[in-house]
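Report on the structure given below.
The values are calculated or read from the model by the stated rules, or taken from the named source; none is laboratory data. Every value quoted in this text rests on a predicted model; they were computed, and no experiment measured them. Cβ atoms come from the backbone with ideal geometry, glycine included; neighbour counts cover every protein chain shown. To get the accessible areas, we keep the full protein, side chains included, count just its heavy atoms, and leave off ligands, DNA and RNA. Shrake-Rupley method; radii C 1.70, N 1.55, O 1.52, S 1.80 Å.
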Amino acid sequence: MTSRCGHSLGLASLWGLLCILACWQVGGRLASGGVSSDLLALLPEQGELPRDLQERLERRGQDRLVILIGHEVRDEAVAAARVFETSLVSGLPRLSADQSWQEEAVAVLEYYRMHRDVLLAPGQADSLARQGSQYWGEVAVSRLFAPVPGDVFGRWELDPLGLFEGWLSELAARQGVAIHLGNDGFVRDGLFWLVRSYEVPEGAFRLADAGLLSVGVTVAAERVRDRHPGARVVAGGVPLLADAAAAQAQAEMSTISIGSLSLILLLAWLAFRSFRPLALVTLSLLVGCLMGLWATLALFDQVHVLTLVFGASLVGVAEDYGIHYFAARQASPQVPAVEVLARIRPSLAMALLTSAVAYGVLGGPALPGLRQMAVFSVVGLSAAFLTVLIVFPVVDGRAPPMTPLAERLAGSLASFPRLSGRSLAVLLLVLVGAWLLTAGHSLPKVDDSLRQLQGVPEPWLAQQAKLNRLLALPSPAQFFVVRAEDPDALLVRERQLLSRLEPLRDGGDLAGWTAAADWVPDAASASRHRALRREAEAYAFAMARRLAGWDGEPPPPSVEAALPRLLEAGWGNRLPWLLVGNDGTGWHGIVQLNGVKGPDVLPRLAQAAERIPGVRFVDQTAEYSSLLGDYRRGMTTLLVVAHLLVAVCLALRFGRKAWRAYLPTLLATILALLMLAGLDQSVNLFCRARTGSRPGHRDRLWDLSSRAQ
């Protein structure tokens, strides 16, 4: 009989070996970066751009920790920066100084040297045409005789007119951000600021290390303020925000898991007064969470921290199987464990089926986050159920004794009201009235904003906002997408867009932008720039020979600055501002926005793209929020489907009496919505998903009590 029921020591041993294998693989995956805190990883991919361009946009700055140290006195700022760097690196040796700033500076110099003939700022082109060759020849000779060379190339003939500094300065002014060429600081808000950047290696800080980076930055900033009271430290960057979010998620997981487990174990102790039920119930919980995590990591590249937070609440569900088993053993102490399990197995299986149906509904929408939660929950509950089925009868010994709490709980069933006739009609009227009430003005308010999923503490968000303002960093959420059939048309359309953005920049609503058109001229502009520059430089070289005896050779013509050739040469990766690509169907470009003043400016930015073919304004925050709203409405339909499926399962099991098992689920759903409305709490997709995952789980209470009666 024991072998027929599957309760053999060999089967339990195999299950144990499988759990050990799962534990080993989960540990390895978590150690190698199996946990993600990227908010957008919860959402479906948006096919807006070519994949390589999308990856470059997402990769830009994602592994960089950026620190600003400011002080009224430059020397004090330099000293404070040394204190900060010493403290941070000593506490976090895996960090390394970021060399990308210097690499970008070298790339800018090389790019200008190779394509100098066509690189002129708009003001420089007008000046070359207006001033004439005589003026520029005198400028070139004066630079040749200057006691301190003013060019950054080390050779006068590479930039005889001194146009590079003006080109770079005007470009930086248009972008609204400083392009550093060895310049170690800037002045803003009355303080001298130093920029310090650190590279955070991929996988350096995992969930087990959550909080190390944010704590290290906090400690270093406190030491700076202790030694230099007037210093200011502003920290930001994707790794820092991700670390703070992971630390908060870990704290929430610990609170939910430890709190739920502690209360469950306390209740189990009061009900059974034995350590064996406590140990086995805890074992079923741990196995359920382990197997859920194992399955999620097997089906997805990474598991999101919000999935772990959601899964932590599984503790309050998976414990029911073990508690029901020991409750049945306690009620029938003379009956062998195998027979007790055979009696309650149909009820536990029905409970698992209805719960799996409800949780499985989460996998309906094409949302990676919800699908992860569905896999974690269904597999976790199934593993907890199998642990009770396979392991408990093998390791369980004597039945737990009857305790006062267990006797009172069992006796309380007799005092429960019996619904029949008039009382049932009254209850149905109350339910209908409550449902109508929730569908009216008392329905919980809806908030589909993407920011509702933001788990970063507010102080770090405030620092990131200040960092964005001081450095005029590009917004990752709002930008323009430009499409065209060929690269020259792409540059022309970008130039049309930039001309519309200039009034917003001049009015202070926008600090600047990042566009390929500022770095690469279109064909017509390139021809005009080349002619103006060659005429002025030819006169300058002739004047230098005649007046200064210069006997050098003019540099050869520069390389053509065409987008296809630039991308083939790898400039798209060396210059982060050159965000263009070709997916085979046409050319795409991104115009990023620097220092957007606030959400009130967004409608005006959208208007700037109107009536320009192939140009569209993208507000990812609004688009993802709209997407979440669409999925929330779809999830509401799936919630109704889940209720119907659970009702069908119960009807197949209990026949005409199925409504008694279904009624608590319906009541719980209605009361949950009423409570959210009463507490003035908003409802979003993941809240609706959590509500929809519970139908049918508590129906086994009625099933077990009916069997006992």
*How much length is gained if the chain between ARG74 and VAL648 is pulled fully straight, taking 0.36 nm per residue apart and subtracting their Cα-Cα distance, in nm to one decimal?*
199.2 nm
*Selected from LEU566, GLY586, ALA542, residue furthest toward positive end of dipole (the stretch 539-608; charges at beta carbon)*: ALA542
*By its C-alpha gyration tensor, with a ≥ b ≥ c as the square roots of the eigenvalues, how is the stretch 267-359 shaped: rounded for a/c under 1.5, else prolate for a/b larger than b/c, else oblate?*
prolate
*With a 1.4 Å probe and every protein chain left in place, work out the accessible area per residue of the stretch 209-281 in Å², rounded to a whole number.*
46
_Accessible area of the stretch 64-149 with a 1.4 Å probe: how many percent of it is carbon plus sulfur?_
55
*Given a Förster radius of 60 Å and the C-beta distance between THR637 and LEU18 as r, what FRET efficiency does 1/(1 + (r/R0)^6) yield to the nearest 0.05?*
0.95
_Reachable lysines, given that their alpha-carbon falls under 20 Å from the alpha-carbon of LYS597 and they are not under 8 places away in the same chain_ = LYS466
*Would you please give the residues with an amide H less than 5 Å from that of ARG188, counting only those at least 5 places away or on a separate chain, with H modeled from the backbone geometry?*
TRP193
*Residue (of GLN248, LEU263, VAL233) at the positive-pole extreme of the stretch 208-357, dipole from beta-carbon charges*: LEU263
_Accessible area in the full protein assembly, largest first, 1.4 Å probe, for ASP320, ASP189_ = ASP189, ASP320
*Relative contact order [Cα under 8 Å, 6+ residues apart], the stretch 324-393, whole percent*: 30
*Return the long-range amide H neighbours of VAL446 (sequence gap of 5 or more, or a different chain), with a cut-off of under 5 Å between placed amide H atoms.*
VAL683
_If you build the convex hull over the alpha carbons only and average its shadow over all orientations, what do you get for the stretch 78-144? Give it in nm² to one decimal._
8.2
*asked:* Report the Cα centroid-to-centroid distance between the stretch 537-614 and the stretch 216-255 in angstrom, as an integer.
replied: 37
*Within 10 Å, count the other beta carbons around each residue, average over each peptide in 77-84, 587-594, and list them highest first.*
587-594, 77-84
*Fully extended contour minus Cα-Cα distance, from ARG528 to ARG611, at 0.36 nm per residue*: 27.1 nm
*Search the structure for amide H atoms under 5 Å from the amide H of GLY211, placed 1.01 Å from N in the peptide plane, and list their residues when 5 or more places away or on another chain.*
ALA247
*asked:* Output wanted: per-residue J couplings in Hz (rounded whole) for the stretch 134-142, from phi through Karplus 6.51 cos²θ - 1.76 cosθ + 1.60, θ = phi - 60°, x for Gly and Pro.
replied: 4, 4, 6, x, 5, 4, 5, 5, 4
*Note, ³J(HN,Hα) from phi for the stretch 75-89, Karplus 6.51, -1.76, 1.60, rounded to Hz, x at Gly and Pro*: 4, 5, 5, 5, 5, 5, 5, 5, 4, 4, 5, 4, 5, 5, 5
*Show which aspartates and glutamates lie in cross-link reach of LYS445 when reach means a straight Cα distance below 14 angstrom and same-chain residues fewer than eight apart are skipped.*
ASP680
*Please sort by residue number the trypsin sites (Lys or Arg not before Pro) in the stretch 599-668 whose DSSP state is loop and whose Cβ has at most 11 other Cβ atoms within 10 Å.*
ARG611
*If you find the alpha carbon centre of the stretch 269-307 and of the stretch 652-677, how far apart are they in angstrom?*
27
